[in-house]
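Student: The following block contains the structure, expressed as structure tokens.
The values are calculated or read from the model by the stated rules, or taken from the named source; none is laboratory data. Small disclaimer: the values here were computed from a predicted structure and weren't measured. Note: ideal-geometry Cβ built from the backbone for every residue, glycine included; neighbour counts use all protein chains shown. Surface accessibility is based on the protein's heavy atoms, side chains included, excluding ligands, DNA and RNA. Shrake-Rupley method; radii C 1.70, N 1.55, O 1.52, S 1.80 Å.
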Amino acid sequence: MKKRRDLVLGIETSCDETSAAVVENGTKVLSNIISSQMDVHRQFGGVVPEVASRRHVERITVVIDQALREAHVSLEEINAIAVTQGPGLVGALLIGVSAAKALSFATGVPLISVHHIAGHIYANHLVKPLEFPLVALVVSGGHTELIYMEGHNQFQRLGRTRDDAAGEAFDKVARLIGLPYPGGPQIDRLAAQGSPSYDLPRAWLEPESLDFSFSGLKSAVIQLLHKAKQKNEKIVLPDLAASFQQSVLEVLITKAIRAVRQTGVNHLLLAGGVSANSALRTQLLMRCEQEGICLHIPPLELCTDNAAMIASAGTYLYYEGKYADLSLNADPGLALVSSST
Ligand code: KG4
Ligand code: ZN
């Protein structure tokens, strides 16, 4: 018997990437078109929400059209349209949500609302099917969270950042030392040329806590730069980048392993833009090997925002019949889970 072919069109516009993708059966990427606005925002040192919305409007139909063409699929063949409802920039999210609603209305194809973080987790599913139960360390520009999953569509938050997200800390510190936006990849490169010789704090919070905090670390970098300026001392930037990065990574890795131990799972997933960090990938892999934990890391092209991950997560909501209706609205503060432990 011929296997059923479920095709989901994904749409992602939560920040500065306009993306559309077609994914088959939740796992096979037929197309994944990403139109990045990074060059536009770089001149402002960060994402300008108004500019982002305008660019999404200009790109969205072209990108969707390209995704369908590259997948050799017509709109009539699509089984569901999955779109990022939140969290993200409200004006940016609105463009994707409006496009998805219009397509759903015109074709009668079910509309699916996807949480952006769920999408990042499902980026791993596009490489190898998720094995439950698992813990996901989600590290992006807007989020740093530890999520426990017992099955598809079941998310329980174990820990979260109490202030800045990991990627946000990378971007802010990069800006402090004069590196362009987005700062994460710049710090990654600079850190590889230095050694972590500056003494910077690690925010462990309460014993056994799975929460994070990075604003103190950012303040410590500001103070260090300030003192050096007052004393007319030269800062070795690669060493500072390496020291900052190591402070972030040590906390992320220790708490991720702690979450795995506390829940008794075997599988740890890395997700979100910061999972592109080369030192994080190497160090986490080494720790997981030592600890006998199966680590899953998405390939670089699926670490940052893309619509294939949204289509993949949306497929499992589609399978459960969890459809949205045309009253769907962008929600910049959308919660992934209703309760946290
Ligand atoms: O997941 P993402 O594309 O967007 C959000 O959902 O926020 O993540 C973007 C974040 C930015 O803060 C960026 O600086 C960071 O991921 N990032 C990195 C690296 N590549 C991207 N941070 C550290 N090292 C990298 N190589
Ligand atoms: Zn993201």
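Student: Just to verify a number: FRET efficiency for Asn153 and Ser327, C-beta to C-beta distance, R0 = 30 Å, to 0.05?
Tutor: Here the calculated transfer efficiency is 0.90.
Student: Further question on the same structure: So, counting K/R as plus one and D/E as minus one, what does the shell of residues with Cβ under 13 Å around Leu179 add up to?
Tutor: On the way: positive: Arg42, Lys172, Arg175, Arg189; negative: Asp171, Asp188.
Summing Lys/Arg as +1 and Asp/Glu as -1 gives +2.
Student: While we're here: Expressed as a whole percentage, what fraction of the accessible surface of the chain belongs to carbon and sulfur atoms when a 1.4 Å probe is rolled over the protein heavy atoms? Please list the in-between numbers first.
Tutor: On the way: 7780 of 14810 Å².
That share works out to 53 percent.
Student: Could I ask something else about it? Could you provide, to the nearest whole Å², the per residue accessible area of the chain with probe 1.4 Å? Don't jump to the answer; show the numbers that get you there.
Tutor: Values: 14810 Å² over 341 residues.
Counting only protein heavy atoms, the per-residue value for the chain is 43 Å².
Student: Follow-up question, since we're still on this one. What percent does the relative contact order of the chain come to when contacts are Cα pairs within less than 8 Å and at least six residues apart?
Tutor: 26
Student: Let me ask another. Among Gln230, Gln290, Gln66, determine the one that fluctuates most according to a GNM of the chain built with springs between C-alpha atoms less than 10 Å apart.
Tutor: Gln230
Student: Tell me whether region 129-297 comes out rounded, prolate or oblate; compute the Cα gyration tensor, take square roots of the eigenvalues as a ≥ b ≥ c, and use a/c under 1.5 as the rounded threshold. Please list the in-between numbers first.
Tutor: Numbers: a/c = 2.17, a/b = 2.00, b/c = 1.09.
Prolate shape, in that a/c is at least 1.5 and a/b is the bigger ratio.
Student: If you don't mind, there's one more thing I want to ask. If you count the DSSP beta bridges with both ends in the chain, what percent of them are antiparallel, to the nearest 5?
Tutor: 55
Student: If I take every Cα pair under 8 Å that is 6 or more residues apart in region 43-125, average their sequence separation and divide by the length, what percent do I get for the relative contact order?
Tutor: Numbers: 70 pairs, mean separation 27.0, N = 83.
For region 43-125, the relative contact order is 33 percent.
Student: Against the longest alpha carbon principal axis of the chain, how many degrees, from 0 to 90 and to the nearest 10, is the axis of helix 49-71 turned?
Tutor: Orientation of helix 49-71: about 50 degrees from the principal axis.
Student: Using a ≥ b ≥ c from the Cα gyration tensor of region 45-165 (square roots of the eigenvalues), is it rounded, prolate or oblate, where a/c under 1.5 gives rounded and otherwise the larger of a/b and b/c decides, a/b for prolate? Spell out each step's value before the answer.
Tutor: Numbers: a/c = 2.20, a/b = 1.29, b/c = 1.71.
Because a/c hits 1.5 or more and a/b fails to exceed b/c, region 45-165 counts as oblate.
Student: If R0 is 41 Å, what FRET efficiency do you get for Arg69 and Asn266 from their C-beta distance, rounded to 0.05?
Tutor: 0.50
Student: Would you mind working out the magnitude of the charge dipole of the chain relative to its Cα centre, with +1 at each Lys and Arg C-beta and -1 at each Asp and Glu C-beta, to the nearest 20 Debye?
Tutor: Working: 30 positive and 34 negative charges, 87 e Å.
The calculation lands at about 420 debye.
Student: Tell me which GluC sites (Glu not before Pro) from region 222-326 have a DSSP coil assignment and no more than 14 other beta carbons within 10 Å of their own.
Tutor: Those that pass, being in a loop and sparsely packed, are Glu233, Glu320.
Student: To continue, here is another question. Have a look at Ile253, Ile117, Ile11 and tell me which one the Gaussian network model of the chain (Cα, springs below 10 Å) gives the largest fluctuation.
Tutor: Result: Ile253 has the largest fluctuation of those listed.
Student: While we're on this one: Within region 129-297, what percent of beta bridges assigned by DSSP are antiparallel, to the nearest 5?
Tutor: 55
Student: Taking the Cα centre of region 207-272 as the origin, how large is its charge dipole in debye, to the nearest 20, when only Lys and Arg (+1) and Asp and Glu (-1) carry charge on their Cβ atoms?
Tutor: Values: 8 positive and 5 negative charges, 44 e Å.
Using only the charged Cβ atoms, the result is roughly 220 debye.
Student: Can you tell me the 0 to 90 degree angle between the C-alpha axis of helix 90-107 and the longest principal axis of the chain, rounded to 10?
Tutor: Value to nearest ten degrees: 20.
Student: Which whole-number percent is the relative contact order of region 129-297 (Cα, under 8 Å, 6+ apart)?
Tutor: Averaging sequence separation for qualifying contacts and normalising by length gives 28 percent for region 129-297.
Student: Pick from Gln283, Gln43, Gln85 the residue whose mean-square fluctuation is largest in a GNM of the chain, springs joining Cα atoms under 10 Å.
Tutor: Looking only at Gln283, Gln43, Gln85, the biggest GNM fluctuation is shown by Gln43.
Student: Follow-up. Run the simple label-point estimate for Lys227 and Phe105 please: 7 Å along Cα→C-beta, distance reported in nm.
Tutor: Placing both labels 7 Å beyond Cα along the Cβ direction yields 6.0 nm.
Student: Considering the options Gln154, His226, Ala279, tell which one lies farthest towards the positive end of the dipole of region 129-297, charges being +1 on Lys and Arg and -1 on Asp and Glu at the Cβ, about the Cα centre.
Tutor: It is His226, whose Cα lies furthest towards the positive end.
Student: Of the options Gly292, Ile235, Ile310, report the single residue whose Cα projects farthest towards the positive end of the charge dipole of the chain (beta-carbon charges: Lys, Arg +1; Asp, Glu -1).
Tutor: Ile235
Student: Could you give the dipole magnitude of region 129-297 about its Cα centre, charging the beta-carbon of Lys and Arg +1 and that of Asp and Glu -1, in debye to the nearest 20? Could the numbers behind the result be given before it?
Tutor: On the way: 17 positive and 17 negative charges, 108 e Å.
Charge dipole of region 129-297: 520 debye, to the nearest 20.
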